[in-house]
1. What pairs can you find where one residue is in segment 192-206 and among the charged types (D, E, K, R), the other is at pLDDT 95 or above and not in a helix (DSSP H, G or I), and their Cβ atoms are less than 6 Å apart, with a gap of 6+ or different chains?
2. State yes or no: is A164 modelled with pLDDT of 95 or more, surrounded by fewer than 20 Cβ atoms within 10 Å (Cβ to Cβ) and under 22 Å from E95 (Cβ atoms)?
3. Select, from P96, P87, the only residue that is surrounded by fewer than 22 Cβ atoms within 10 Å (Cβ to Cβ) and assigned to a loop (DSSP other than H, G, I, E, B).
4. Filter segment 63-82 down to the residues that are out of contact with any Leu (no Cβ under 8 Å at 6 or more places or on another chain) and over 21 Å from G41 (Cα atoms) and list them by number.
5. Can you name the residue in segment 117-153 that is under 19 Å from Q171 (Cα atoms) and of a type in the set (D, E, K, R) and, of all such residues, is surrounded by the most Cβ atoms within 10 Å (Cβ to Cβ)?
6. Checking I109 against (1) more than 16 Å from V179 (Cα to Cα); (2) over 16 Å from the mean Cα position of the chain (by Cα): exactly one of these is not met. Which one?
Amino acid sequence: MAQIGVFDSGIGGLSILNEALRQLPKNHYVYFADSANAPYGERSAEWIAQRSLKICQHLATIGCDAIVVACNTATAEAIRKIREALPNIPIIGVEPGIKPAAMQSQNGIVGVLATEATLSSDKFNALLATLPQHCRFVKQAGAGLVPLIEAGKTHTIETQQLLASHLKPIQEAGADTLVLGCTHYPFLNPLIETILGKQIKVIDTSEAVVRQLGRQIQEKALVDSKTPYQLLLKSSLDGKKLHNRVDQLINPSPVDHQIRSETLTL
Ligand code: DGL
């Protein structure tokens, strides 16, 4: 049994936690939502790196055997520093799935919706430079979407209108594939389908990220727990509110004895 830390600027990483509980249920989880500081996507690279490192150090201190940086923005700006600071713990990051998208696109036109910080990061641009020249990537920052998702407005007209305006250049370019480069965005899948239809292929890397986590904890020879998982929720804003969001967004919703929540100023 491993204790796995999962961290995001807010509730976006719950899309990864959901998949982790599906693939690797016999482990315990600590989820840290830095909702007091979300969104990260419009902050400086230095701020994101320092804050992400601080949170991962906290997760290591409370005994996490592995940490998932369930945030594309934090991965882009901080993962190297986190790995340097915590060399004995597997640190798994998330990156926009532009590689699988380039392989799956039929017409070679791929939309990438991510935060401004991710799109302008050296890490993302280095990854982009390794991909075949024949593919055209239409990059779009999803400004304003994360605060709406944090506020629970995943199905409102306001969110639909903002999302439609961000998707317009991607739609107009004729993309047949869309990369969701922010872990908050899978919660907008129903709206994305309303706006773009079913034809467009949506790439979200949660499954692959959790497969990688599984390989890493296996390598550490950690044995599965005999009891169902326990989930500790920590929020820098409001632990109770995070608990409510987990009940709404994690599928199937964890039963009460499995889950505890707290508000933590870090
Ligand atoms: N969920 C995050 C990501 O994957 C961060 C979004 C934000 O806080 O701006 O990029």
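The values are calculated or read from the model by the stated rules, or taken from the named source; none is laboratory data. The model shown is predicted, which means the values in this text are computed figures rather than measured ones. For neighbour counting, all protein chains shown are included, and Cβ atoms are generated from backbone atoms with ideal geometry for every residue, glycine included.
1. K201/T177; D204/L180
2. No.
3. The unique qualifying residue is P87.
4. Scanning segment 63-82 gives G63, C64.
5. Here the residue is K139.
6. Every listed condition holds for I109 apart from (1).
Residue-by-condition table, conditions (1) within 21 Å of G10 (Cα to Cα); (2) hydrophobic (A, V, I, L, M, F, W, C); (3) in contact (Cβ under 8 Å) with a residue 24 or more places away in the chain; (4) in contact with a strand residue (DSSP E or B) (Cβ under 9 Å, 6 or more places away or on another chain):
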{"site": "P39", "(1), (2), (3), (4)": "yes, no, yes, no"}
{"site": "A60", "(1), (2), (3), (4)": "yes, yes, yes, yes"}
{"site": "E84", "(1), (2), (3), (4)": "no, no, no, no"}
{"site": "S105", "(1), (2), (3), (4)": "no, no, yes, yes"}
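Rundown of residues vs (1) of a type in the set (K, R); (2) away from the ligand (no atom under 16 Å from the Cβ), yes/no style:
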position	(1), (2)
N72	no, no
T75	no, no
K81	yes, yes
I91	no, no
P96	no, no
K99	yes, yes
S105	no, yes
G108	no, yes
